[in-house]
Amino acid sequence: MIKILIVEDEKAISNLINVNLTAHGYRCFCAYDGKEAADLLEENTYDLVLLDIMLPEIDGYELLEYVKYQGTPVIFVTAKGTLEDKIKGLRMGADDYLVKPFQIGELIARVEAVLRRAGKAETEITLFGVTVNTESRTVKKDGELIDLTVKEFDLLVELIRNKNVALYRDRLYELVWNEPFSGETRTLDAHIQRLRKKLGWEEHIKTVFRIGYRLEV
Ligand code: CA
């Protein structure tokens, strides 16, 4: 599992990032000041560090040098939004720079992009004889290609990312269709039915009464 360290002194922002990255299948750790971050970095290795700049104890610029020395990718997530700030951060070696306030979707996309560039994204997962490759967007069962539509594929990836978690229909719909859930459940339910059938996962994709679906692993 990909491990991400969130270095952020504002609890609300830290929680927001944590909840959303966790929902996308990342394992998150939080440090609320520079000293705590330095201690964690000394003891552990991470696949990515999300780094605030204005922090108590030790600031983000100082921490960046240490993290880069370890070879870990870094995204600055900061209120320092001028062009000079961005140039400074990137020149210092940050892999990306995101200015607060930000949309959570943009953060997720940037996290994915930086991990991909660092060669750390998990691109292939095998479950119950089904191999899903998120880079080539192919699905194979016992070596045979299975033909999935774009939405069926995205739905499968979300179910796998959230395996063993009961996903509400509205959340699942919004993750896959990228639009607000109207309350009309037929589209999603029909896609689930087809996915179950194509993969032979009738037993694995559970219907959770009044909630939605869960991939049971
Ligand atoms: Ca701060």
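Some points to look at:
- Selected residue (only one of Asn162, Asn178 is loosely packed, with under 15 Cβ neighbours inside 10 Å, more than 16 Å from the ligand (Cβ to nearest atom), within 18 Å of the chain's Cα centre (by Cα) and of a type outside the set (Val, Ile, Thr)): Asn178
- Scope segment 11-32; condition open to solvent by 20 Å² or more (accessible area, probe 1.4 Å), without any contact (Cβ under 8 Å) to a residue 40 or more places away in the chain and either of a type in the set (A, V, I, L, M, F, W, C) or under 20 Å from Met54 (Cβ atoms) (or both); matching residues: Lys11, Ala12, Asn15, Asn18, Val19, Cys28, Phe29, Cys30, Tyr32
- Test result for Glu203, farther than 25 Å from Thr22 by Cα and surrounded by fewer than 16 Cβ atoms within 10 Å (Cβ to Cβ): yes
- Residue within segment 86-102 that is open to solvent by less than 30 Å² (accessible area, probe 1.4 Å), away from the ligand (no atom under 16 Å from the Cβ) and of a type in the set (Gly, Ala, Ser) present: yes
- Within segment 37-95, being in contact with a Phe, Trp or Tyr (Cβ under 6 Å, 6 or more places away or on another chain) and of a type in the set (Lys, Arg) holds for one residue alone: Lys86.
- Where strands (runs of 3 or more DSSP E) sit wholly within segment 118-217, those with at least 3 residues that are at pLDDT below 95 occupy 124-127, 130-133.
- When residues of segment 37-85 are limited to those that are within 16 Å of the ligand (Cβ to nearest atom) and of a type in the set (D, E, K, R), the one surrounded by the most Cβ atoms within 10 Å (Cβ to Cβ): Asp52
- Residue check, Glu112 free of Cβ contacts under 8 Å to residues at least 24 places away in the same chain, surrounded by 13 or more Cβ atoms within 10 Å (Cβ to Cβ) and not assigned by TED's automatic domain parsing to the domain that holds Gly143: yes
The values are calculated or read from the model by the stated rules, or taken from the named source; none is laboratory data. Note that the structure is predicted; figures quoted are calculated from it, not measured. All Cβ positions, glycine included, derive from the backbone under ideal geometry; neighbour counts span all protein chains shown. Note: areas computed on protein heavy atoms with side chains; ligands, DNA, RNA excluded. Shrake-Rupley method; radii C 1.70, N 1.55, O 1.52, S 1.80 Å.
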